[in-house]
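See below for the structure under consideration.
The values are calculated or read from the model by the stated rules, or taken from the named source; none is laboratory data. No experiment lies behind these values; they were computed from the predicted model shown. Note that we place each Cβ from the backbone using ideal geometry, even for glycine, and neighbour counts take in every protein chain shown.
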Amino acid sequence: MTCRKARLCDAGEIHALMQPFVREGVLLPRSLSYLCENIRDFSMLEDERGRIVASGALHFFDEDLAELQSLAVLPSCQGRGLGRQMVRALLREARRHRVWKVFSLTHAPEFFLRQGFTLTDREQLPRKFMRDCLSCPKLHHCHQIAVICDVFTARPAPRRRAPAEAGEEAAFTSYAHA
């Protein structure tokens with residue numbers, strides 16, 4: 001598996017990767033033009049054949065805060081730790097940029113807690129993150145939970161994987177708020 005920053009020519013494949021989760025209503029819809037305009041936010045995992053198997057974005061809000069967005073893992077590749085690998089890559093990117101805090105909105109907080117995130121109150125987050133919420137069909141009945149990570153001090157919980165958790169990546173991939 002290779003992790004790299006997305007290029008403009010990857011936008012169509014990232015868009016296709018996100019679509020099953022958009023249809024389920026767990027990822028915010030993103031147009032191809034939006035992905036092209038924001039492609040610099042995206043990173044991806046490629047398999048040995050060059051196929052995009054996971055992607056996610058790190059969107060900066062100010063000099064010390066970013067949001068982990070649009071996380072998706074190809075359904076046929078779920079359960080292999082690719083979601084965890086994608087989150088770690090995005091947190092490394094945040095460290096390189098000296099961003100202290102990274103948050104996400106999710107229906108799978110347990111996944112993020114194992115990656116070193118903690119629960120937080122969405123009211124503690126800057127209002128400008130909610131601009132994406134305005135285009136969400138679940139605006140007035142959102143059940144996503146806010147999680148946040150202090151990038152320089154967080155340590156992921158030790159990895160322990162029970163057989164029942166094999167489908168866990170599927171839950172994670174689609175629940176991070178666009």
When residues of the stretch 143-159 are limited to those that are closer than 15 Å to E67 by Cβ and hydrophobic (A, V, I, L, M, F, W, C), the one modelled with the lowest pLDDT: I145
Please go through the stretch 32-49 and give me each residue that is in contact with a strand residue (DSSP E or B) (Cβ under 9 Å, 6 or more places away or on another chain) and over 19 Å from V102 (Cβ atoms), ordered by number. L35, I39, E46, D47, E48
Has the stretch 50-61 got any residue that is among the charged types (D, E, K, R), without any contact (Cβ under 8 Å) to a residue 60 or more places away in the chain and closer than 22 Å to V147 by Cα? no
Of the residues S70, S43, only one is modelled with pLDDT of 95 or more, small (G, A, S), part of a strand (DSSP E or B) and under 28 Å from D150 (Cα atoms); which? S43
Yes/no for F60 being of a type in the set (F, W, Y) and part of a strand (DSSP E or B): yes
Of residues in the stretch 6-50 being of a type in the set (D, E, K, R) and within 14 Å of the chain's Cα centre (by Cα), the one farthest from T106 (Cα to Cα): D41
Mind telling me which of the residues A11, A54, A89 ends up being within 27 Å of T120 (Cβ to Cβ), hydrophobic (A, V, I, L, M, F, W, C) and either in contact with a Leu (Cβ under 7 Å, 6 or more places away or on another chain) or buried (at least 21 other Cβ atoms within 10 Å of the Cβ) (or both)? A54
Tell me, which residue of the stretch 112-130 that is modelled with pLDDT under 75 and over 17 Å from the mean Cα position of the chain (by Cα) is surrounded by the fewest Cβ atoms within 10 Å (Cβ to Cβ)? R127
Give me a count of the residues in the stretch 15-33 that are in contact (Cβ under 8 Å) with a residue 60 or more places away in the chain and buried (at least 17 other Cβ atoms within 10 Å of the Cβ). 5
